[in-house]
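The values are calculated or read from the model by the stated rules, or taken from the named source; none is laboratory data. The structure presented is a predicted model; accordingly, all values stated were derived computationally and were not measured. So basically every Cβ, Gly included, is an ideal-geometry build from the backbone, and we count neighbours across all protein chains shown. Heads up: the accessible areas ignore ligands, DNA and RNA and are worked out on the full protein's heavy atoms, side chains in. Shrake-Rupley method; radii C 1.70, N 1.55, O 1.52, S 1.80 Å.
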2 protein chains.
Amino acid sequence: MQNNRYIVIVGCGRLGSHLANQLSRVGHSVVVIDSNEETFNALSPDFSGFRVLGDATQMAVLKEAKLKHADVFFATTHEDNVNLMVAQVARKLFNVAHVLARVFDPRREQIYNQLGIETICPTSVAAEMFLLAVASRRAAGGNTTP
Amino acid sequence: MQNNRYIVIVGCGRLGSHLANQLSRVGHSVVVIDSNEETFNALSPDFSGFRVLGDATQMAVLKEAKLKHADVFFATTHEDNVNLMVAQVARKLFNVAHVLARVFDPRREQIYNQLGIETICPTSVAAEMFLLAVASRRAAGGNTTP
(Lines give C-alpha, C1' and ligand atoms only; values in the text may rest on other atoms or scores of the structure.)
Protein backbone atom coordinates (compact mmCIF):
# COMPACT_ATOMS: atom_id res chain seq x y z
CA MET A 1 0.00 0.00 0.00
CA GLN A 2 1.20 3.43 -0.88
CA ASN A 3 1.18 6.01 1.86
CA ASN A 4 1.19 3.47 4.65
CA ARG A 5 0.91 5.28 7.98
CA TYR A 6 2.10 4.34 11.44
CA ILE A 7 -0.94 4.79 13.67
CA VAL A 8 -1.06 4.47 17.47
CA ILE A 9 -4.47 4.07 19.10
CA VAL A 10 -5.02 4.35 22.84
CA GLY A 11 -8.07 2.44 24.03
CA CYS A 12 -9.34 -0.79 22.52
CA GLY A 13 -13.03 -0.33 23.29
CA ARG A 14 -15.74 -0.21 20.64
CA LEU A 15 -14.30 2.84 18.92
CA GLY A 16 -10.61 1.97 19.28
CA SER A 17 -10.98 -1.63 18.16
CA HIS A 18 -13.18 -0.63 15.22
CA LEU A 19 -10.59 1.89 14.06
CA ALA A 20 -7.73 -0.57 14.58
CA ASN A 21 -9.49 -3.25 12.52
CA GLN A 22 -10.41 -0.88 9.70
CA LEU A 23 -7.04 0.81 9.47
CA SER A 24 -5.12 -2.45 9.64
CA ARG A 25 -7.35 -3.88 6.93
CA VAL A 26 -6.50 -1.10 4.47
CA GLY A 27 -2.80 -1.57 5.05
CA HIS A 28 -1.73 0.86 7.76
CA SER A 29 0.66 -0.15 10.54
CA VAL A 30 -1.40 -0.04 13.71
CA VAL A 31 -0.48 -0.30 17.39
CA VAL A 32 -3.28 -0.49 19.97
CA ILE A 33 -2.66 0.24 23.65
CA ASP A 34 -5.02 -0.81 26.42
CA SER A 35 -4.57 -1.66 30.09
CA ASN A 36 -7.21 -4.37 29.97
CA GLU A 37 -6.08 -7.43 28.03
CA GLU A 38 -9.65 -8.63 27.42
CA THR A 39 -10.38 -5.63 25.22
CA PHE A 40 -7.98 -7.05 22.61
CA ASN A 41 -10.58 -9.77 21.96
CA ALA A 42 -12.45 -7.14 19.93
CA LEU A 43 -9.65 -7.12 17.34
CA SER A 44 -10.37 -9.09 14.16
CA PRO A 45 -8.56 -12.35 13.45
CA ASP A 46 -7.01 -10.57 10.45
CA PHE A 47 -5.72 -7.64 12.54
CA SER A 48 -2.07 -7.43 11.56
CA GLY A 49 -0.93 -4.74 13.99
CA PHE A 50 0.56 -4.85 17.48
CA ARG A 51 -1.09 -4.91 20.89
CA VAL A 52 0.59 -3.14 23.81
CA LEU A 53 -0.79 -4.04 27.23
CA GLY A 54 -0.35 -1.17 29.66
CA ASP A 55 -1.40 2.22 30.95
CA ALA A 56 -0.91 4.80 28.21
CA THR A 57 -0.39 7.56 30.77
CA GLN A 58 2.99 5.92 31.49
CA MET A 59 5.87 7.07 29.27
CA ALA A 60 7.35 3.58 29.17
CA VAL A 61 4.17 2.26 27.60
CA LEU A 62 4.12 4.97 24.93
CA LYS A 63 7.77 4.28 24.17
CA GLU A 64 7.02 0.58 23.85
CA ALA A 65 4.42 1.56 21.23
CA LYS A 66 7.22 3.43 19.40
CA LEU A 67 5.19 6.59 19.53
CA LYS A 68 8.00 8.73 18.18
CA HIS A 69 7.59 7.00 14.80
CA ALA A 70 3.83 7.59 14.69
CA ASP A 71 2.22 9.69 11.95
CA VAL A 72 -1.18 9.58 13.60
CA PHE A 73 -2.30 9.23 17.22
CA PHE A 74 -5.86 8.52 18.36
CA ALA A 75 -6.97 8.82 21.99
CA THR A 76 -10.21 6.86 22.30
CA THR A 77 -10.52 5.81 25.95
CA HIS A 78 -13.76 6.41 27.83
CA GLU A 79 -12.17 9.07 30.01
CA ASP A 80 -11.90 12.58 28.64
CA ASN A 81 -9.06 13.47 31.01
CA VAL A 82 -6.99 10.48 29.98
CA ASN A 83 -7.58 11.27 26.32
CA LEU A 84 -6.51 14.88 26.80
CA MET A 85 -3.41 13.92 28.72
CA VAL A 86 -2.12 11.27 26.35
CA ALA A 87 -3.01 13.39 23.32
CA GLN A 88 -0.92 16.24 24.70
CA VAL A 89 2.00 13.95 25.44
CA ALA A 90 1.82 12.58 21.89
CA ARG A 91 1.66 16.08 20.39
CA LYS A 92 4.19 17.92 22.55
CA LEU A 93 6.68 15.29 23.71
CA PHE A 94 6.64 12.85 20.81
CA ASN A 95 5.88 15.43 18.08
CA VAL A 96 3.22 13.30 16.44
CA ALA A 97 1.92 15.36 13.51
CA HIS A 98 -1.70 14.34 13.66
CA VAL A 99 -3.37 13.87 17.03
CA LEU A 100 -7.09 13.33 17.52
CA ALA A 101 -8.94 12.74 20.76
CA ARG A 102 -12.45 11.65 21.53
CA VAL A 103 -14.10 13.95 24.03
CA PHE A 104 -17.49 13.16 25.53
CA ASP A 105 -18.10 16.51 27.19
CA PRO A 106 -18.78 19.10 24.46
CA ARG A 107 -17.77 21.89 26.86
CA ARG A 108 -14.19 20.61 26.82
CA GLU A 109 -13.81 20.68 23.06
CA GLN A 110 -12.75 24.31 22.98
CA ILE A 111 -10.04 23.81 25.60
CA TYR A 112 -8.66 20.84 23.72
CA ASN A 113 -8.60 22.78 20.48
CA GLN A 114 -6.74 25.64 22.12
CA LEU A 115 -4.14 23.10 23.23
CA GLY A 116 -3.65 22.01 19.61
CA ILE A 117 -5.57 18.77 19.92
CA GLU A 118 -8.20 17.99 17.29
CA THR A 119 -11.30 16.55 18.88
CA ILE A 120 -14.27 14.49 17.87
CA CYS A 121 -17.24 14.70 20.21
CA PRO A 122 -19.76 11.91 19.67
CA THR A 123 -22.29 13.77 21.83
CA SER A 124 -22.21 16.86 19.60
CA VAL A 125 -22.30 14.80 16.44
CA ALA A 126 -25.22 12.69 17.66
CA ALA A 127 -27.08 15.82 18.75
CA GLU A 128 -26.67 17.36 15.30
CA MET A 129 -28.00 14.20 13.70
CA PHE A 130 -31.05 14.11 15.99
CA LEU A 131 -31.78 17.79 15.28
CA LEU A 132 -31.35 17.22 11.57
CA ALA A 133 -33.86 14.38 11.78
CA VAL A 134 -36.46 16.70 13.30
CA ALA A 135 -35.71 19.42 10.75
CA SER A 136 -35.91 17.08 7.77
CA ARG A 137 -39.25 15.67 8.91
CA ARG A 138 -40.57 19.19 9.25
CA ALA A 139 -39.35 20.08 5.79
CA ALA A 140 -41.04 16.94 4.46
CA GLY A 141 -44.36 18.27 5.79
CA GLY A 142 -44.84 16.09 8.86
CA ASN A 143 -48.05 16.58 10.84
CA THR A 144 -48.14 19.10 13.62
CA THR A 145 -49.34 18.38 17.11
CA PRO A 146 -53.05 17.43 17.09
CA MET B 1 -43.72 29.14 15.54
CA GLN B 2 -45.13 27.31 12.57
CA ASN B 3 -44.88 23.55 12.59
CA ASN B 4 -44.39 23.35 16.32
CA ARG B 5 -43.79 19.69 17.26
CA TYR B 6 -44.51 17.83 20.47
CA ILE B 7 -41.25 16.07 21.32
CA VAL B 8 -40.66 13.59 24.14
CA ILE B 9 -37.06 12.89 25.15
CA VAL B 10 -36.09 10.04 27.46
CA GLY B 11 -32.81 10.69 29.25
CA CYS B 12 -31.59 14.09 30.40
CA GLY B 13 -27.86 13.40 30.16
CA ARG B 14 -25.50 15.37 27.94
CA LEU B 15 -27.28 14.40 24.74
CA GLY B 16 -30.85 14.54 26.04
CA SER B 17 -30.44 17.88 27.81
CA HIS B 18 -28.66 19.41 24.81
CA LEU B 19 -31.49 18.35 22.52
CA ALA B 20 -34.14 19.54 24.98
CA ASN B 21 -32.52 22.97 25.28
CA GLN B 22 -32.07 23.40 21.55
CA LEU B 23 -35.52 22.20 20.56
CA SER B 24 -37.25 24.22 23.25
CA ARG B 25 -35.30 27.30 22.15
CA VAL B 26 -36.57 27.08 18.58
CA GLY B 27 -40.16 26.78 19.74
CA HIS B 28 -40.99 23.09 20.00
CA SER B 29 -42.98 21.67 22.91
CA VAL B 30 -40.56 19.43 24.75
CA VAL B 31 -41.01 16.94 27.57
CA VAL B 32 -37.93 15.37 29.16
CA ILE B 33 -38.13 12.20 31.23
CA ASP B 34 -35.40 11.07 33.61
CA SER B 35 -35.37 9.00 36.79
CA ASN B 36 -32.63 11.13 38.33
CA GLU B 37 -33.85 14.56 39.35
CA GLU B 38 -30.33 16.04 39.36
CA THR B 39 -29.99 15.57 35.62
CA PHE B 40 -32.62 18.29 35.12
CA ASN B 41 -29.99 20.79 36.33
CA ALA B 42 -28.51 20.53 32.83
CA LEU B 43 -31.59 22.21 31.37
CA SER B 44 -31.19 25.90 30.50
CA PRO B 45 -32.90 28.57 32.56
CA ASP B 46 -34.90 29.39 29.41
CA PHE B 47 -36.06 25.80 28.89
CA SER B 48 -39.82 26.15 28.50
CA GLY B 49 -40.76 22.47 28.38
CA PHE B 50 -41.82 19.98 31.03
CA ARG B 51 -39.78 17.67 33.23
CA VAL B 52 -41.16 14.25 34.15
CA LEU B 53 -39.34 12.49 36.98
CA GLY B 54 -39.63 8.74 36.63
CA ASP B 55 -38.59 5.50 34.98
CA ALA B 56 -39.53 5.65 31.29
CA THR B 57 -39.86 1.88 31.13
CA GLN B 58 -43.05 2.31 33.21
CA MET B 59 -46.21 2.95 31.19
CA ALA B 60 -47.53 5.36 33.81
CA VAL B 61 -44.51 7.58 33.30
CA LEU B 62 -44.91 7.61 29.52
CA LYS B 63 -48.59 8.43 29.93
CA GLU B 64 -47.71 11.28 32.27
CA ALA B 65 -45.49 12.62 29.47
CA LYS B 66 -48.58 12.47 27.19
CA LEU B 67 -46.68 10.30 24.78
CA LYS B 68 -49.74 9.61 22.64
CA HIS B 69 -49.66 13.25 21.52
CA ALA B 70 -45.98 13.14 20.56
CA ASP B 71 -44.81 13.73 17.00
CA VAL B 72 -41.24 12.81 17.81
CA PHE B 73 -39.68 10.53 20.42
CA PHE B 74 -35.98 10.40 21.28
CA ALA B 75 -34.45 7.65 23.43
CA THR B 76 -31.12 8.96 24.67
CA THR B 77 -30.31 7.10 27.89
CA HIS B 78 -26.90 5.48 28.36
CA GLU B 79 -28.36 1.99 28.15
CA ASP B 80 -28.95 0.52 24.71
CA ASN B 81 -31.52 -1.94 26.03
CA VAL B 82 -33.55 0.77 27.72
CA ASN B 83 -33.45 2.87 24.56
CA LEU B 84 -34.61 -0.03 22.43
CA MET B 85 -37.42 -0.92 24.81
CA VAL B 86 -38.86 2.57 25.24
CA ALA B 87 -38.46 3.30 21.54
CA GLN B 88 -40.47 0.22 20.68
CA VAL B 89 -43.17 1.12 23.18
CA ALA B 90 -43.35 4.62 21.69
CA ARG B 91 -43.55 3.27 18.15
CA LYS B 92 -45.88 0.31 18.60
CA LEU B 93 -48.09 1.17 21.58
CA PHE B 94 -48.27 4.95 21.35
CA ASN B 95 -47.99 5.16 17.54
CA VAL B 96 -45.45 7.96 17.61
CA ALA B 97 -44.61 8.69 13.97
CA HIS B 98 -40.94 9.48 14.37
CA VAL B 99 -38.86 7.49 16.83
CA LEU B 100 -35.09 7.73 17.12
CA ALA B 101 -32.83 5.90 19.54
CA ARG B 102 -29.21 6.31 20.43
CA VAL B 103 -27.38 2.99 20.32
CA PHE B 104 -23.81 2.64 21.51
CA ASP B 105 -23.16 -0.84 20.17
CA PRO B 106 -22.95 -0.65 16.36
CA ARG B 107 -23.80 -4.36 16.11
CA ARG B 108 -27.28 -3.63 17.44
CA GLU B 109 -28.12 -1.00 14.84
CA GLN B 110 -29.36 -3.51 12.30
CA ILE B 111 -31.69 -5.20 14.78
CA TYR B 112 -33.15 -1.86 15.79
CA ASN B 113 -33.71 -0.88 12.19
CA GLN B 114 -35.48 -4.15 11.46
CA LEU B 115 -37.81 -3.32 14.35
CA GLY B 116 -38.68 0.00 12.73
CA ILE B 117 -36.57 2.15 15.02
CA GLU B 118 -34.25 4.72 13.48
CA THR B 119 -30.92 4.74 15.23
CA ILE B 120 -27.99 7.06 15.67
CA CYS B 121 -24.79 5.38 16.77
CA PRO B 122 -22.19 7.83 18.12
CA THR B 123 -19.53 5.12 17.95
CA SER B 124 -20.03 4.57 14.22
CA VAL B 125 -20.22 8.27 13.51
CA ALA B 126 -17.07 9.01 15.53
CA ALA B 127 -15.25 6.15 13.80
CA GLU B 128 -16.16 7.53 10.38
CA MET B 129 -14.87 10.93 11.39
CA PHE B 130 -11.56 9.50 12.65
CA LEU B 131 -11.13 7.49 9.45
CA LEU B 132 -11.99 10.53 7.37
CA ALA B 133 -9.32 12.48 9.22
CA VAL B 134 -6.67 9.90 8.28
CA ALA B 135 -7.88 9.79 4.68
CA SER B 136 -7.91 13.57 4.28
CA ARG B 137 -4.39 13.88 5.67
CA ARG B 138 -3.24 11.26 3.21
CA ALA B 139 -4.94 13.08 0.34
CA ALA B 140 -3.25 16.27 1.50
CA GLY B 141 0.11 14.56 1.09
CA GLY B 142 1.09 13.86 4.69
CA ASN B 143 4.48 12.25 5.26
CA THR B 144 4.75 8.51 5.30
CA THR B 145 6.41 6.51 8.02
CA PRO B 146 10.15 7.25 8.18
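Summary of values
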{"item": "Per-peptide average of other Cβ atoms within 10 Å, ordering A:57-64, B:12-19 highest first", "result": "B:12-19, A:57-64"}
{"item": "5 angstrom amide H check on B:ILE33, placed H, neighbours 5+ away", "result": "B:ILE9, B:VAL10, B:GLY11, B:VAL52"}
{"item": "Accessible-area composition of region A:24-146, carbon plus sulfur, in percent [1.4 Å probe]", "result": "51 percent"}
{"item": "Percent antiparallel among DSSP beta bridges (both partners in region A:1-105, rounded to 5)", "result": "0 percent"}
{"item": "Degrees, to the nearest 10: A:14-25 long Cα axis against longest axis of chain A", "result": "60 degrees"}
{"item": "Accessible area buried at the B-A interface, both sides summed, 1.4 Å probe (Å², nearest 100)", "result": "4000 Å²"}
{"item": "Note, ³J(HN,Hα) from phi for region B:113-124, Karplus 6.51, -1.76, 1.60, rounded to Hz, x at Gly and Pro", "result": "4, 5, 8, x, 9, 6, 10, 10, 10, x, 4, 5"}
{"item": "Cα convex hull volume per residue for region A:1-49 (Å³)", "result": "57 Å³"}
{"item": "Phi to ³J(HN,Hα) by Karplus 6.51 cos²θ - 1.76 cosθ + 1.60 over region A:91-107, Hz, x for Gly, Pro", "result": "6, 8, 9, 10, 6, 5, 5, 10, 10, 10, 10, 7, 9, 7, 8, x, 5"}
{"item": "For B:69-79, mean number of other protein chain Cβ atoms within 10 Å", "result": "2"}
{"item": "Structure-based [θ]222 nm, the protein assembly as shown - -39500 (n - 2.57) summed over DSSP H runs of at least 4, per residue, nearest 500", "result": "-10500 deg cm²/dmol"}
{"item": "Alpha carbon convex hull of the protein assembly as shown, volume per residue in cubic angstrom", "result": "148 Å³"}
{"item": "Rounded to 5, the percent of DSSP beta bridges in the protein assembly as shown classed as antiparallel", "result": "0 percent"}
{"item": "Length released on extending from A:ALA97 to A:VAL26, taking residue separation times 0.36 nm less the Cα-Cα span", "result": "23.5 nm"}
{"item": "Computed Kirkwood radius, in angstrom, where 1/r is averaged over Cα pairs of chain A", "result": "16.4 Å"}
{"item": "Within 10 Å of each Cβ in A:18-31, the average number of Cβ atoms from other chains", "result": "2"}
{"item": "Inter-copy label distances at A:LEU131 (7 Å, Cα→Cβ; nm, one decimal)", "result": "2.6"}
{"item": "Length-normalised contact order of chain A in % [C-alpha pairs under 8 Å, at least 6 apart]", "result": "18 percent"}
{"item": "Exposure of B:ASP46 as accessible area (Å², to 10), given a probe of 1.4 Å and all protein chains", "result": "90 Å²"}
{"item": "Accessible surface, per residue, of the protein assembly as shown when the full set of protein chains is kept, probe 1.4 Å, Å²", "result": "49 Å²"}
